[in-house]
Amino acid sequence: MIAQADLAIGFPAATILEPVAYDRLTLVHQLIGYYSEVYALALSTDGQWLVSGHGDITHIDDAVKVWRLSDGKLIHNLLGHSHWVHSVLLTADGETIISGSLDGTIQWWQLTTGTKLPQLLDHKSSVNAISLTTDGQRLVTGGNDALLKIWQPQNGLLIHQCSGHLQNVACLATHQQTQLIASGSSDYTVRLWHLQEGRLLKTILGHSGRISSIAITPDGTKVVSASHDCTIKIWEVATGNLINTLIGHAKSIGCVAISPDGQTIVSGSDDHTVNIWNLSDGQLLHTLLSHDRAILSVAISTDGRTIVTGSYGEIQVWRVPGT
């Protein structure tokens, strides 16, 4: 069910690659030695670095951590946030980390040195999600104030403040080529916005629980949402229509990611499992059962052959052999 349907976007052609044999995934690194929850993960496009966002109840380990993927070594433990780090990303050049925290701030870090860069903007409310356009010209943030904010990150200028959600913005994603923002909220809705104008395009209804994670396919034609109602839903951007509902997790789904080739969805749940799905037909391809607690974050590499999962005090790195 949709409202405010009005979206005309040109979509780039999809790239079809050979399928990945996810039933051959092998656990190559188990990153432990800390006790904080892993709320966010980001992989560098060159496959060398993993960045994780952390938080714990004592706030001692509200940190951004940088790992070297070749050997699983912790390179930097970046302290500076005063509350849980719920989102992390890497800039397109792979040189800068941006992190968002429940302390209401967005922080910049130099990846190789771990140096904290000047803080240019303040969301003012707890930051649950951040997304940077591929050209680095717009940063979008969402938080507990139920607002979506669009910034010019170079100088911290607030371009648009977008209202529409009735409760906190829990997750968001951007697609620069189609000028699209997708956001999910505790109000059970998915909303689509115009990136340049900050205008609400559609309100999509269909979930019966909090939207916990959201992603846009690389071609910009579909939005994938994960919810505490234990389902993943795939929506058509142009119409807002429901394409498919993926059912397979036994408990709330906390995180979802789409492979860069647009063929695969990876989801993590409170049922301790990670599911790998074929996006085009919704088929469940493989399930990882190795975590002892809820899955809080997932990430997938550029080639789709490395999957990283985050839980309580543990990160697991999985890879299809031969890569």
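The values are calculated or read from the model by the stated rules, or taken from the named source; none is laboratory data. These figures come from a predicted structure and were not determined experimentally. Here the Cβ positions follow ideal geometry from the backbone for every residue, glycine too, while neighbour counts run over all protein chains shown. In case anyone asks, the SASA skips ligands and DNA or RNA and just uses the protein heavy atoms, side chains included. Shrake-Rupley method; radii C 1.70, N 1.55, O 1.52, S 1.80 Å.
Quick look at the values:
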{"read-out": "Sequence-distant residues sharing a close amide H with H160 (under 5 Å, placed H)", "value": "I150"}
{"read-out": "Peptides ranked, highest mean first, by Cβ atoms within 10 Å: ranges 229-240, 64-75", "value": "229-240, 64-75"}
{"read-out": "Accessible surface ranking that places the most exposed of L90, L79, L195 first, with a 1.4 angstrom probe", "value": "L79, L90, L195"}
{"read-out": "Residues K124 and R293, FRET efficiency given R0 of 51 Å [Cβ-Cβ distance, rounded to 0.05]", "value": "0.95"}
{"read-out": "Label corresponding to volume of the Cα convex hull per residue in Å³ when calculated from the structure given, among (1) 139; (2) 116; (3) 158", "value": "(2)"}
{"read-out": "Within-13-Å neighbourhood charge of T112 [Cβ basis; K, R +1; D, E -1]", "value": "-2"}
{"read-out": "Set of lysines near K202 by C-alpha distance (under 22 Å), chain-local residues within fewer than 8 positions excluded", "value": "K149, K222, K233"}
{"read-out": "Two-site label geometry, T115 and N155: point separation in nm, points 7 Å out along Cα→Cβ", "value": "2.4 nm"}
{"read-out": "Highest-first arrangement of 154-161, 244-251, where packing means the average Cβ count within 10 Å", "value": "244-251, 154-161"}
{"read-out": "Per-peptide average of other Cβ atoms within 10 Å, ordering 258-267, 144-153 highest first", "value": "258-267, 144-153"}
{"read-out": "Accessible area (Å², 1.4 Å probe, nearest 10) - D281", "value": "80 Å²"}
